[in-house]
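Working notes, structure below.
The values are calculated or read from the model by the stated rules, or taken from the named source; none is laboratory data. These numbers were taken from a predicted model, which means no experiment stands behind them. Cβ coordinates were reconstructed from backbone atoms using ideal geometry, including for glycine residues, and neighbour counts include every protein chain displayed. Side chains are part of the model used for accessible areas, which takes the heavy atoms of the whole protein and leaves out ligands, DNA and RNA. Shrake-Rupley method; radii C 1.70, N 1.55, O 1.52, S 1.80 Å.
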Amino acid sequence: MSPSSNDFDQRIKGILQSVQLLPDEAKAPILHYRRTVDDIWGALDYVKRLIAERERYQVVVDRHLGRLHGMALVNLIETFERFLKEMAAECVDRLADLVVDDRFNAFPVQGAALASHFGSGSAGKALCESSIWLDCKEVNDRFRKLLADPFKTGEFYLFPKEGNQQPVPGHWRHELMSIIWQLRHTAVHNVGIITKSDAVKLRVLAKRKVDAPRMLVPSRNNLRWLKMFLDETAEDCNQRVGQRLAALLTTIHNSTPALIEPQPMADQIASVFRTPLQIAGATGLVPAD
């Protein structure tokens, strides 16, 4: 007997109950990033060990691993995207009741999306979670505006690209992140098929030949290098955003001391960014994990 519409209704809606609590690491963006990446890599290791337990047809193994690696590629990149969102949300929550300029206009949120986040009790989640963070320019614009001194344009670039964008030694990351965002687009929207339009974009970004149409089949070594780059980039972003937020809070405190108690605020952001950060001479303590 074929499933009825009621069967489908119950089973599809039942997916919403197939959930588990967030890990303890979700309390800090960088910890959440590390935990998720470790879980993804651990899953790949587990499959690799199972495959090695007995002799198998290599052609079949390669086909299945190619598909699995493609899904892992997406998961790694989306974990980094979520990290950016969570980091920005923490910054918003620390600044929301301390500034009155237009910095939060950098987050284009529709009323319906804002209403759906109202119960979260977090301005940061309301502004950041529904936005897409898959473009270096947009990410730069949001963080530059968010972390600017009050009523100033801002000079902070998460992914500096050219000219006077600081830090200059970080310019090389911009190109690679742009390629990674485009790879994510190919993997998600075209199920791994590099279309001719994808190839044009990748060719311009990578400055090298890209054939199309082709199926993207990343190797484990490809994923290892992607993970290494994203890990290093996440740590760099976490450190620089934390330091810039601490400097901004110090500026706000120096202007209006009554707004901020340096030590409690320093402890809060040190906990969020998992690194010692100083506000107006007070150094935040990093809690033991």
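Among the numbered conditions (1) within 15 Å of GLU81 (Cβ to Cβ); (2) assigned to a helix (DSSP H, G or I); (3) in contact with a His (Cβ under 9 Å, 6 or more places away or on another chain), tell me where VAL139 comes up short.
(3) is the only condition that VAL139 fails.
How about the range 146-201: which of its residues are open to solvent by 70 Å² or more (accessible area, probe 1.4 Å) and of a type in the set (Asp, Glu)?
The answer is GLU155, GLU162, GLU175.
Filter the range 234-257 for residues that are touching a residue at least 60 places away in the same chain (Cβ under 8 Å), within 18 Å of the chain's Cα centre (by Cα) and surrounded by fewer than 20 Cβ atoms within 10 Å (Cβ to Cβ); which is nearest to ARG35 (Cα to Cα)?
GLU235
For the range 1-32: of the residues being surrounded by 10 or more Cβ atoms within 10 Å (Cβ to Cβ) and basic (Lys, Arg), which is farthest from PHE83 (Cα to Cα)?
Checked the range 1-32; the qualifying residue farthest from PHE83 (Cα to Cα) is ARG11.
Quick check on my filter: what residues within the range 207-228 are assigned to a helix (DSSP H, G or I), open to solvent by 30 Å² or more (accessible area, probe 1.4 Å) and not basic (Lys, Arg)?
Passing the criteria: ASN221, ASN222, TRP225, MET228.
Considering each of LEU134, LEU127 in turn, give the residue that is assigned to a loop (DSSP other than H, G, I, E, B), on the phi < 0 side of the Ramachandran plot, at pLDDT below 95 and open to solvent by less than 70 Å² (accessible area, probe 1.4 Å).
After applying the criteria, what remains is LEU134.
Residues of the range 65-107 being of a type in the set (S, T, N, Q) and more than 18 Å from the chain's Cα centre (by Cα), which ones?
ASN105 - this is the single residue of the range 65-107 that is of a type in the set (S, T, N, Q) and more than 18 Å from the chain's Cα centre (by Cα).
Provide a single number: the residues in the range 258-276 that are open to solvent by 40 Å² or more (accessible area, probe 1.4 Å) and in contact with a strand residue (DSSP E or B) (Cβ under 6 Å, 6 or more places away or on another chain).
2
Looking at the range 1-102, what helices (runs of 4 or more DSSP H) fall wholly within it and have at least 2 residues that are on the phi > 0 side of the Ramachandran plot?
none
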